[in-house]
Amino acid sequence: MKANCWYGKRDVRVEDVAEPRILNRRDAIVKITTTAICGSDLHLYNGFVPTMQKGDILGHEFMGEVVEIGPDVRNLKQGDRVVVAFPISCGKCFFCQKELFSLCENSNPNPWMAQKLFGQSPAGLYGYTHMLGGFAGGQAEYARVPFADVGAIKIPNGLADDQVVFLSDIFPTGYMAAENCNIEPGDTVAVWGCGPVGQFAVRSALLLGAERVFGIDRFPERLRMAEDGGAEAINYEEADVYDILMEKTSGLGPDSCIDAVGLEAHVPGLIGAYDRVKQALMLESDRPHVFRQAVLACRKGGTVSVPGVYGGFDDKIPLGSLMNKGLTIKTGQTHVQHYMRPLLERIQNGEIDPSFVITHRMRLEDAAQGYEIFLNKTDDCVKVVLKPNETYPMTTKANRFSDDKVLSDRQSDHSAFSKGGATMAEEHEARQPYKCAVCGAKFDSQDQLQNHLKICTQKKSQ
Amino acid sequence: MNFTPGYEEERSGSIKSNAESLDKERLARGLGWFSIGLGLVEIVAPRRLARFLGVRNHGVLFRIMGLREIASGVGILSQRQRTGWLWARVGGDIIDLLALGKVAKSETVKPINIAIATAAVAGVTVLDVRCAQELSDGAQATDHTVKVKKTILINRSHEDLYRHWGDFQNLPRFMKNLESVEPITDKRSHWVAKGPAGKRVKWDAEITEDRPNELIAWRSLDGADVENSGSVRFETAPGGRGTSVSVEMQYSPPAGVVGATVAKLFGRAPEQEVEEDLRRFKQMMETGEIITTHGQPAGRSSTSWKYDQTVRRASAWS
């Protein structure tokens, strides 16, 4: 099968590899229909996280069809359509039973590696270093899902892949970040980073009752997307973030601050240069600028919530501010399994359609290009999804990266696109010809539409 | 669990706590302080020392010798491995004696004072040599009994865990180096483990203590390739957190120093082996399986070799 493999800093390649097989009794094999590139994959792409090995298969956001199950998986069957949570969790240990799934005790076969760095080992993750298990990831045609009875959630018909695939990571991650803020009515929440997780954090904060949400970034298209989700945009290159937050909150500071950036914060000025130099000399593992800023800006007694990924030991953390202002820090890899079901319901109820975040749909074969444009934020890229079982380049915005031959094949095969330069909406429509007469949502098949209609008419009658 | 012979023993276990070794330690420490004291005199008052010996004022030379004395003194007092530093003192003593011999021929010297100095240095040299020798012997004669103790929390009742462990035939499922355990009688069993360099290690063992749901202890019988004993204790953890499982193991490899060197090439720290075995026991008891990634695909020709290498490299961090 084809799989996107890591070979070093800024070097990922789609290679032919062996197909996965059942290795443990609670495994399942999933044929992947949609997978995505996560912001945290970029930390691997940039070589900032240790214990990757050449040839490791990347990817931890994926969904597809169950094609094989191990003898101890009783709640799934062949043909089920599932989304897979990115942490691998046994469901039986002390932590899993507390629903702290990303802290599972039993899913990392190499816990001693993480123990050296973190003190104790968290759960194993797909395609995310050998320290966290060395599991083959989901940017591939097939993936092995260990503890599939806990990690895979069945998706009812009537929902498109693009609407539900982010239940694997970024939607629950943004949601948990907002939930960790303990939002009370009237609260103000500031979100650093309007990448995919930041976008979901903005929307989740509002869903959970925040009155005002600030989205902080420097890319106009990301700020626009945050504004579409209900945030007030702050461009940190145009103004001092602390000053502007104080001004907007009458000097109080936001009740909660969310750091959806993590270890590769881009910082202008002296402190940015300091972190970059220290990181390059390996004297500091991360660039924790956003965390510092969030601590300083947060209102007294408020909460700093950190969904952004950090890896090691960081300098100049304002512990004095943290202590004297009585702040609460909430963080962690997302306990995805805890959130998948309630968030699926929110999607079914039409409260949110996570597909808004997708700017690029590409073939699996184009993964390397996907990483490049996602890293450089070229072509207004916010989120890339890959379609392993589609053979034509699909995203209009990505067309310019595909070679002409493929493009012309695609144009002859799919006359709907033949005008060239079609917009994303047009393409979406062309792929989903079944339209709901009530709400206008579009679907791939008659079946999906029928299922949706049941929910939709019910909702309307309420 | 690691039944491989010849692992180098842990440092903490190597300090013999008998009176003899305490004496040696005390002597070494005294020599360390003597070094520092003499060094200070040489640095602070070289002129007076020169006058005492009746030689020309070799200020710089005396100060360099003083620095050397202080360095070996600090080395003896601050390092855990004193032997090397003590031999360094012996070297220094010889230089001192040679220097004294050389100045003794000049005319300005005070022969009596030189004789006093030479006698003092010679006396100290004897002490240095004895102490260094004894410490060196001690290092070679340490016995290689390995003791390991590890504890893990498992989310199952102590009855379940006791029952599972009590059936020794289950042990090879999670103890990586154990190949098989076959019961002979109620109390006795035959164990086969992987040794270094593909060798097999075999022994018969008997249960020495068996308190239901609480403790099992065993030891090898005479004629074992590797003399060993062990125990496992099950205690209910507070707050409904399952059971605390503590394992204690000791084994005495017969091959001595050579065996230790060979094992070092093939094995890892016994502490870690036991911890990994306990982790696997926990996985088995909590989830019903021992999770693995061996046999999964990757974009490289040989997965296992590089994979093992990473794991080894990572476990060498700290």
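Can you confirm whether A:L100 is among the hydrophobic types (A, V, I, L, M, F, W, C) and in contact with a strand residue (DSSP E or B) (Cβ under 6 Å, 6 or more places away or on another chain)? Steps first, please.
Details: among the hydrophobic types (A, V, I, L, M, F, W, C): yes; in contact with a strand residue (DSSP E or B) (Cβ under 6 Å, 6 or more places away or on another chain): no.
No, not satisfied.
Name the single residue, out of those in segment A:70-101 being crowded, with 24+ Cβ neighbours inside 10 Å and either of a type in the set (G, A, S) or more than 26 Å from the chain's Cα centre (by Cα) (or both), that is farthest from the other protein chains (Cβ to nearest Cβ).
Within segment A:70-101, the match that is farthest from the other protein chains (Cβ to nearest Cβ) is A:A85.
Return the pairs, sorted by first residue and then second, in which the second residue is surrounded by fewer than 24 Cβ atoms within 10 Å (Cβ to Cβ) and hydrophobic (A, V, I, L, M, F, W, C), the first residue lies in segment A:121-133 and is more than 20 Å from A:A3 (Cα to Cα), the beta carbons are less than 6 Å apart, and the residues are 6+ apart or on different chains.
As it stands, the answer is A:S121/A:A114; A:P122/A:L103; A:M131/A:A114, since those pairs meet every condition given.
Looking only at segment A:136-143, decide whether some residue is in contact with a Phe, Trp or Tyr (Cβ under 6 Å, 6 or more places away or on another chain), closer than 27 Å to A:D353 by Cβ, more than 10 Å from chain B (Cβ to nearest Cβ) and not in a loop (DSSP other than H, G, I, E, B).
No; the residues of segment A:136-143 include none that is in contact with a Phe, Trp or Tyr (Cβ under 6 Å, 6 or more places away or on another chain), closer than 27 Å to A:D353 by Cβ, more than 10 Å from chain B (Cβ to nearest Cβ) and not in a loop (DSSP other than H, G, I, E, B).
Is it the case, given these coordinates, that B:V245 is under 28 Å from A:F95 (Cα atoms), among the aliphatic types (A, V, I, L, M) and part of a strand (DSSP E or B)?
Taking the combined requirement at face value, the residue satisfies it.
Quick one: which residue in A:M113, A:M131 is part of a loop (DSSP other than H, G, I, E, B) and within 14 Å of chain B (Cβ to nearest Cβ)?
When all the criteria are applied, what remains is A:M131.
Mind listing whichever residues of segment B:51-60 are outside any helix (DSSP H, G or I) and loosely packed, with under 14 Cβ neighbours inside 10 Å? Before the answer, list the steps.
Kept after step one, since they are outside any helix (DSSP H, G or I), are these residues of segment B:51-60: B:54-58.
Once the filter is applied, which keeps residues that are outside any helix (DSSP H, G or I) and loosely packed, with under 14 Cβ neighbours inside 10 Å, segment B:51-60 yields B:R56, B:N57.
Determine whether segment A:56-66 contains at least one residue that is among the acidic types (D, E), within 11 Å of chain B (Cβ to nearest Cβ) and within 23 Å of the chain's Cα centre (by Cα).
Scanning segment A:56-66, I find at least one residue that is among the acidic types (D, E), within 11 Å of chain B (Cβ to nearest Cβ) and within 23 Å of the chain's Cα centre (by Cα), so the answer is yes.
Would it be correct to say that A:M176 is in contact with a Ser or Thr (Cβ under 9 Å, 6 or more places away or on another chain), within 14 Å of chain B (Cβ to nearest Cβ) and aliphatic (A, V, I, L, M)?
no
Restricting to segment A:43-55, name every residue that is under 24 Å from A:D16 (Cβ atoms) and more than 13 Å from chain B (Cβ to nearest Cβ).
Result: A:L44, A:Y45.
Are there any pairs with C-beta distances below 8 angstrom linking a residue in segment B:61-78 that is surrounded by fewer than 20 Cβ atoms within 10 Å (Cβ to Cβ) to a residue that is of a type in the set (F, W, Y) and at pLDDT 80 or above, with the two at least 6 apart or on different chains, and if so which?
B:L77/B:W33
Does any residue in segment B:37-50 that is surrounded by 14 or more Cβ atoms within 10 Å (Cβ to Cβ) come within less than 6 Å, Cβ to Cβ, of a residue that is part of a helix (DSSP H, G or I) and among the aliphatic types (A, V, I, L, M) six or more places away or on a different chain, and which pairs are these?
Listed by first residue and then by second, the contacts come to B:G39/B:I70; B:E42/B:M65.
I'm trying to understand the selection: among the residues of segment A:11-25, which are within 16 Å of A:K54 (Cα to Cα) and within 8 Å of another protein chain (Cβ to nearest Cβ)?
A:R13, A:E15, A:V17, A:A18
Please work out which residue is nearest to B:G54 (Cα to Cα), limiting yourself to segment B:101-119 and to residues that are surrounded by 15 or more Cβ atoms within 10 Å (Cβ to Cβ) and at pLDDT 80 or above. Write out each step before concluding.
First, the residues of segment B:101-119 that are surrounded by 15 or more Cβ atoms within 10 Å (Cβ to Cβ): B:103-104, B:109, B:114, B:117-118.
Keeping just the survivors that are at pLDDT 80 or above gives B:114, B:117-118.
Working: B:I114: 8, B:A117: 12, B:T118: 14 Å.
Of everything passing the filter in segment B:101-119, B:I114 is nearest to B:G54 (Cα to Cα).
Could you please let me know if A:M113 is at pLDDT below 95, assigned by TED's automatic domain parsing to the domain that holds A:T35 and buried (at least 19 other Cβ atoms within 10 Å of the Cβ)? Before the answer, list the steps.
On the way: at pLDDT below 95: yes; assigned by TED's automatic domain parsing to the domain that holds A:T35: yes; buried (at least 19 other Cβ atoms within 10 Å of the Cβ): yes.
When the stated conditions are applied, A:M113 passes them.
The values are calculated or read from the model by the stated rules, or taken from the named source; none is laboratory data. The shown structure was predicted, so the numbers you read here are calculated from the model rather than taken from an experiment. Cβ coordinates were reconstructed from backbone atoms using ideal geometry, including for glycine residues, and neighbour counts include every protein chain displayed.
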